[in-house]
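Novice: Here it is: the structure, laid out below.
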Amino acid sequence: LEPRFYISQEWVVQGREPVEGMFFVGIGSVDITDVKSKKLLLKHAHGAFFGDETIIRRRRKAPVSEEELKPTYAARATTESELWFLDPSDFDQVLRENPKNTLRLDMLAATTEASRGGSERGETGDSTDPSRRFAAAAGAVGQALKGE
């Protein structure tokens, strides 16, 4: 996981370029808007994540085009924010070192892709569950990357 810092109103993802990995919100908040309509879709705060579709699409057996990696959303920090970035190659390393989790991930990926409209992303105002998901995901990935 790589820390990335954004000031208020700075773009994290603009929707024109492919998203290269997954973001976890550590501190601050990020608004997710539809690229075409500019409509606010979600308000992410601590514990939320986005960009997960990048990792899911890259895990498919079929080749993924640049166009498929372009998001249909834009993400902009609404406050000073600290996000944690997960590169797909680091994610793959975690799976290689922990093969028992690969099947679980494939099942989660299929579920996530099938229900893209769900709120698994931890919208602002949710219970403390997003914080727990963030801590668990970030901790597990961090430990695996460190070889613990």
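Novice: Given the conditions (1) modelled with pLDDT of 85 or more; (2) within 14 Å of Leu1 (Cα to Cα), which single one is not true for Phe91?
Specialist: It is condition (1) that Phe91 fails.
Novice: Quick one: which strands (runs of 3 or more DSSP E) sit completely within region 1-59 and have at least 3 residues that are in contact (Cβ under 8 Å) with a residue 12 or more places away in the chain, farther than 11 Å from Leu83 by Cβ and not small (Gly, Ala, Ser)?
Specialist: 30-34, 40-44
Novice: Test Val19 against the stated conditions and say whether it is open to solvent by less than 30 Å² (accessible area, probe 1.4 Å), over 13 Å from the mean Cα position of the chain (by Cα), aliphatic (A, V, I, L, M) and modelled with pLDDT under 90. Step through it out loud before you land on a result.
Specialist: Values: open to solvent by less than 30 Å² (accessible area, probe 1.4 Å): yes; over 13 Å from the mean Cα position of the chain (by Cα): no; aliphatic (A, V, I, L, M): yes; modelled with pLDDT under 90: yes.
Answer is no for this residue.
Novice: Quick one: Arg60 ticks every box in (1) modelled with pLDDT of 75 or more; (2) surrounded by fewer than 18 Cβ atoms within 10 Å (Cβ to Cβ) bar one, so which box is it?
Specialist: Of the numbered conditions (1) modelled with pLDDT of 75 or more; (2) surrounded by fewer than 18 Cβ atoms within 10 Å (Cβ to Cβ), the odd one out for Arg60 is (1).
Novice: Another question, if that's okay. When you go through Glu2, Glu53 one by one, which is the residue that is surrounded by fewer than 18 Cβ atoms within 10 Å (Cβ to Cβ) and within 17 Å of Phe91 (Cα to Cα)? Before you say what the answer is, go through the steps one by one.
Specialist: Working: Glu53 fails: surrounded by fewer than 18 Cβ atoms within 10 Å (Cβ to Cβ).
After applying the criteria, what remains is Glu2.
The values are calculated or read from the model by the stated rules, or taken from the named source; none is laboratory data. Note that the structure is a prediction, hence the values are computed from the model and not measured. Quick reminder, even Gly has a Cβ in these numbers, built from the backbone with ideal geometry, and neighbours come from all protein chains shown. With ligands, DNA and RNA removed, areas are computed over all heavy atoms of the protein, side chains included. Shrake-Rupley method; radii C 1.70, N 1.55, O 1.52, S 1.80 Å.
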